[in-house]
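Participant: Structure below; questions to follow.
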Amino acid sequence: MTLPKEIVGFAIVSEDGMLADAQGVMPPALKFEADQKFFAAGMDRVDAAIHGRHSHEMQPHSPRRKRITLTRQIASIARDPANPKGILWNPGGTSFEQAWRALDLPDGKLGVVGGTDVFTLFLPRYDVFYLTRAPGVTLPGGRPVFSGVPPQTPEQVLAAHGLGLVSTQVLNPAQNLTVTEWRRG
Ligand SMILES: NC(=O)c1ccc[n+]([C@@H]2O[C@H](COP(=O)([O-])OP(=O)(O)OC[C@H]3O[C@@H](n4cnc5c(N)ncnc54)[C@H](OP(=O)(O)O)[C@@H]3O)[C@@H](O)[C@H]2O)c1
């Protein structure tokens, strides 16, 4: 079965584990230049992106990448009419393996960029997950990075799915902004 050579997740979350506020909007409080640079560089190391219909990358090189957008508006797999490099995928209609095959990227790497349902769907599959923490930011009633948060923390969810903490990188010391790297095995 064809699968990506590597599956990499990227998220920035509030202290209470939210990726967006109660309205489903990613607020300015979650946007940091150092994290944006880290994210852009990480996505430049993968060949394709996958996300839900309400998420996006908006990085300088995003248009270069192939893309899978999740939606229930189609039965299984379809060309994305809005993106010549994109396909639409409904996991309720067909498997991820079929969607990946449709993208035609043998040996390619995949970047998972959210939101909640998509980050959760790939928990059994991540090779690596980069989790950035926005210090001092809480988003009560917001959208969690994974289902199960709360009561669990994002770190507890990653550990429960077989990922272990391998490093912590300071992205901006003045902002106390750090990203943790979680790897399988
Ligand atoms: N902080 C971060 O790192 C980060 C990362 C990503 C996103 N965000 C933010 O989070 C917000 C959006 O997140 P979200 O969780 O609400 O939305 P999302 O996952 O981007 O999009 C939700 C939509 O994706 C489709 N979808 C998701 N899971 C699916 C499944 N299992 N099967 C079929 N279709 C599926 C559905 O589309 P249809 O309605 O077409 O069926 C659903 O309405 C935005 O503000 C975004 O900027 C933040």
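Participant: Which condition number in (1) buried (at least 19 other Cβ atoms within 10 Å of the Cβ); (2) hydrophobic (A, V, I, L, M, F, W, C); (3) farther than 29 Å from P63 by Cβ; (4) without any contact (Cβ under 8 Å) to a residue 40 or more places away in the chain is the one that L88 fails?
Facilitator: (3) is the only condition that L88 fails.
Participant: Determine whether L19 is more than 30 Å from P173 (Cα to Cα), among the hydrophobic types (A, V, I, L, M, F, W, C) and either within 17 Å of the chain's Cα centre (by Cα) or surrounded by 13 or more Cβ atoms within 10 Å (Cβ to Cβ) (or both).
Facilitator: Criteria not met by L19.
Participant: To continue, here is another question. Take the residues in the range 58-104 that are among the charged types (D, E, K, R) and not in a helix (DSSP H, G or I); name whichever of them is farthest from the ligand (Cβ to nearest atom). So that I can check it myself, show each step before the final result.
Facilitator: Initial filter on the range 58-104 (among the charged types (D, E, K, R)): 64-67, 72, 79-80, 85, 97, 101, 104.
Those left that are additionally not in a helix (DSSP H, G or I): 65-67, 72, 79-80, 85, 104.
Values: R65: 16, K66: 18, R67: 13, R72: 3, R79: 15, D80: 12, K85: 18, D104: 21 Å.
Restricting to residues being among the charged types (D, E, K, R) and not in a helix (DSSP H, G or I), the top hit is D104.
Participant: Can you list residue pairs whose Cβ atoms sit under 7 Å apart, with the first residue in the range 23-35 being under 14 Å from R133 (Cβ atoms) and the second being more than 9 Å from the ligand (Cβ to nearest atom) and in a helix (DSSP H, G or I)? Count only pairs 6 or more apart in sequence or on different chains.
Facilitator: That search, which allows pairs on different chains as well, returns F32/Q175.
Participant: Scan the range 36-55 residue by residue and report those that are within 11 Å of the ligand (Cβ to nearest atom) and free of Cβ contacts under 8 Å to residues at least 24 places away in the same chain.
Facilitator: Q36, R53
Participant: Could you list all residues from the range 39-57 that are over 23 Å from Q169 (Cα atoms), in a loop (DSSP other than H, G, I, E, B) and over 11 Å from the mean Cα position of the chain (by Cα)?
Facilitator: Of everything in the range 39-57, those that are over 23 Å from Q169 (Cα atoms), in a loop (DSSP other than H, G, I, E, B) and over 11 Å from the mean Cα position of the chain (by Cα) turn out to be D47, R53, H54.
Participant: What do you reckon, is T120 crowded, with 20+ Cβ neighbours inside 10 Å, touching a residue at least 24 places away in the same chain (Cβ under 8 Å) and touching a Phe, Trp or Tyr at 6+ places or on another chain (Cβ under 9 Å)?
Facilitator: no
Participant: Kindly indicate which of L139, L110, L123 is away from the ligand (no atom under 12 Å from the Cβ), aliphatic (A, V, I, L, M), closer than 30 Å to V179 by Cα and assigned to a loop (DSSP other than H, G, I, E, B).
Facilitator: Unique residue meeting the criteria: L123.
Participant: Next up: If we scan the range 171-184, do we find a residue that is at pLDDT below 95, touching a Phe, Trp or Tyr at 6+ places or on another chain (Cβ under 7 Å) and either crowded, with 18+ Cβ neighbours inside 10 Å or over 25 Å from R53 (Cβ atoms) (or both)?
Facilitator: Checked the range 171-184: at least one residue is at pLDDT below 95, touching a Phe, Trp or Tyr at 6+ places or on another chain (Cβ under 7 Å) and either crowded, with 18+ Cβ neighbours inside 10 Å or over 25 Å from R53 (Cβ atoms) (or both).
The values are calculated or read from the model by the stated rules, or taken from the named source; none is laboratory data. Note that the coordinates shown come from a computational prediction; the quantities given were computed from them, not determined experimentally. Don't worry about glycine lacking a Cβ; one is built from the backbone with ideal geometry, like all the others, and counts go over all protein chains shown.
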